[in-house]
Structures are given as structure tokens and as C-alpha cells.
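Read the figures in this text as sums done on the coordinates, not as results from a lab. Everything numeric here is computed off the predicted structure, so don't read it as measured data. Every residue, glycine among them, receives a Cβ derived from its backbone with ideal geometry; neighbour counts consider all protein chains shown.
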Amino acid sequence: MATKNNRIINHNLASLQHVFVSSVWLDPIYAASAASLSLSFSNNLVNTIFIVSGFVTLTQAMRLVRLPIVQGASAAFDT
């Protein structure tokens, strides 16, 4: 049975998986570029997406379902 420290490490690694594997950080940049928004605004969009995704992932993993469920932005509309 895993100790509490091992579970926290596993949950943190699962939440970081989204950041390392996904390429959805390009979508807000494309959308901001198409809408003629500034580069700093598109940077803020990317930062906000990953901060909120990480917060929701940690909340679900530690408080709600207590499983390593990774939340994040979706690129499904790109197809």
C-alpha cells in the first residue's frame, strides 16, 4: 500500500503529464492571432489554461474522486 508521500508524488507526476505531452498550448496562440489580439494576451491565455488545468487536476486527485484524473484543455475542435 502506498504511503501518503508516494501518492502525492504520483498525483503530481500525473498532473505534470498533461504539460509535457500535450500540444494544446498552441491553440490559444492561434485563436488570439486570428482575432488580432496582442502577444501578451495570448501568453496570458496559455498561462491561465495551464494554471486552471493544474488546479482542477490536483483538486480532483486529492479531494474529489481521488484518482489520477488529468484535466486540461482540449484540441478536439482542431480536426
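Here are the numbers:
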{"read-out": "Using θ = phi - 60° and Karplus 6.51 cos²θ - 1.76 cosθ + 1.60, couplings along segment 51-67 (whole Hz; Gly, Pro as x)", "value": "5, 5, 4, x, 5, 5, 4, 5, 5, 5, 6, 9, 10, 8, 8, 6, 10"}
{"read-out": "Rough spin-label spacing in nm, given labels placed 7 Å along Cα→Cβ, for Ile51 and Lys4", "value": "2.8 nm"}
